[in-house]
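The values are calculated or read from the model by the stated rules, or taken from the named source; none is laboratory data. On a predicted model such as this, the values are computed, not experimentally measured, just so you know. FYI the Cβ positions are ideal-geometry reconstructions off the backbone, even for glycines, and counts take in every protein chain you see.
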Amino acid sequence: MATFDFIVIGGGSGGSAAAGRLAEDGKLSVCLIEAGGRNDNFRVKTPGFMPFIGDKSNYRYETVPQKGLNGRTGYQPRGRGLGGSSAINAMVYIRGNAWDYDNWAALGCDGWAYDDVLPFFKKAEDNERGPNAYHGSNGPLRVSNQRSPNPGSTAFVESAATLQLPRNPDFNGESQAGFGLYQVTQKNGERWSAARAYVEPLRGKKNFDIRTDALVEKIVFEDGRASGVAIRRGGKREVIHARGGVILSAGAFNSPQIMMLSGIGPAGHLKEHGIEVVADRPSVGADLQDHIDYVSSWETQSKDFFGSSLAGTLKMAAALVEHRRKRTGAMTTCFAEAGGFWKVMDDAPAPDVQWHFVPAMLEDHGREQVKGHGFSLHACVLRPESRGTVTLNSADAADAPRIDPNFFDDDRDMAVMRAGVRLSHRIVDAPPLANYQPRDRYPIDLYDDDALDELIRSRADTVYHPVGTCRMGSDEASVVDTELASRDVDGLWIADASVMPRLVSGNTNAPSIMIGERCAAFIKDILAG
Ligand SMILES: Cc1cc2nc3c(=O)[nH]c(=O)nc-3n(C[C@H](O)[C@H](O)[C@H](O)COP(=O)(O)OP(=O)(O)OC[C@H]3O[C@@H](n4cnc5c(N)ncnc54)[C@H](O)[C@@H]3O)c2cc1C
């Protein structure tokens, strides 16, 4: 019978950090269970291959039809395999705004104010720029400057400056506002997933068992305590036991799914699927928040930008050779190379829109090939008011959960989006980007609200930051308490993006890693008495 001190479900951003920290000093036996594979291949490791990462590493979920998107279904990529979504993401290193964490604390999450979380961001970080008041350099997560940014990306920052929008060399420093090039989670020109940071260095240690291609079907409880997990691997089923407890880190879609499959969730819904109710907890799968995003796109004659043409293909072939030899060049691109944060609503407490500049024409999340060269500019609503849900489609853990982000349910999100998209176009209309004489691929009168709303509803979708479906809080209705422990059973913690009570104003990989770090620290504190 396999028994460990702790079992971690899911080797993604939160799970890798939690498992790695629990196992690192060798005192605790830890089993990390991951549904996907090792993700140890050149497509995952080479940043520029991001659009070509295969199905084995991506769940490729779809949402239910979205009324706010003219009835379209949304695409929800999610990483599968070690590293989780950090193995397929755009590598942008952003923590959110200090205001977000102070707001979490104001909502009742004691111990999660900016001053409380900053030490854990720093502990995780190995920033190539070295340490300072905001950054760490001794952690496992390598954060790098981009090695070979596209000239168009620097032109974007200069165009913003032309409009008096300030340059910001460090969005994770004193102030988030402004425009600049993003730092990335890469090491020596390769993707640095959470698994490469926290898990791979411990591979082979006697106290650390890494089980890939193992699907967790549910958490097992004995006398009100999480005592193990039921897994399926190949055709075989087995229960693995945990003396100290279980950490659930399956992400914002699969953590609520596993909670429900284990009997913790909205009782009526569980009964519909024939699941025995352990605890009636309506907040499991509720409060889904995600960054709705609109991608404006322009075509250029210039072949500076990535694109599909003979010249583009030859350039990428040369870039691939350069990357194999030196780990530099265009294949180190994270695609979302530049961007910024700015307030478009006067009463916003912090920047309410984030931009990602991509030196390529992007259509349908990169799934549709576009002929020619050009660039794209994402604008996303940083603190959406709309709330969605994750529920079960079936009682089988291998089936996709039912995802309803409910985008644009709240009109305030559209108001922010409109202003964000207008600013996107003002920036692109300013030199030096304007000198490329870009041709807008979706020209409309941007100051006609109805026309702009229609364009947004027909093209907007997620920028991949779902959170909130196993929300943390000090209130009785929350799923986990402020030390990430389940309110319903002993020996169960949740450590991933699902616990965020509010979506942070930025990308969610670093915050999910910070949450994994904190979970391990909470557990070690308990063990230390
Ligand atoms: C395409 C894309 C681009 C993104 N770009 C960025 C970016 O540039 N910067 C940024 O900061 N953030 C980005 N994000 C978001 C960020 O990567 C995620 O928010 C973060 O990785 C979430 O971490 P997590 O721990 O919550 O879940 P994940 O990292 O998704 O990990 C969940 C893990 O659990 C496993 N799992 C699920 N169900 C089971 C089961 N039943 N049994 C066993 N294992 C299971 C999964 O296989 C997965 O490995 C992006 C995301 C995507 C998809």
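Annotation: residue 88 fulfils all but one of (1) buried (at least 24 other Cβ atoms within 10 Å of the Cβ); (2) more than 10 Å from the ligand (Cβ to nearest atom); (3) free of Cβ contacts under 8 Å to residues at least 60 places away in the same chain; (4) of a type in the set (A, V, I, L, M); the unmet one is (2). Taking region 345-371 only, how many residues are at positive phi and surrounded by fewer than 16 Cβ atoms within 10 Å (Cβ to Cβ)? Summing the residues that are at positive phi and surrounded by fewer than 16 Cβ atoms within 10 Å (Cβ to Cβ) in region 345-371 gives 1.
Considered as a group, the residues in region 227-257 that are β-branched (Val, Ile, Thr) and either without any contact (Cβ under 8 Å) to a residue 12 or more places away in the chain or farther than 25 Å from residue 517 by Cβ (or both) include one that is surrounded by the fewest Cβ atoms within 10 Å (Cβ to Cβ), and that residue is 239. Look at region 500-529: where a residue is modelled with pLDDT of 95 or more and a partner is near the ligand (Cβ under 8 Å from one of its atoms) and of a type in the set (D, E, K, R), sitting 6+ places away or on another chain with Cβ atoms under 6 Å, you get 512/496. Residues that are touching a strand residue (DSSP E or B) at 6+ places or on another chain (Cβ under 6 Å), within 16 Å of residue 226 (Cβ to Cβ), in contact (Cβ under 8 Å) with a residue 12 or more places away in the chain and among the hydrophobic types (A, V, I, L, M, F, W, C) occur in region 283-292; there is at least one. Would you call residue 82 in contact (Cβ under 8 Å) with a residue 40 or more places away in the chain and near the ligand (Cβ under 8 Å from one of its atoms)? The answer is yes for residue 82.
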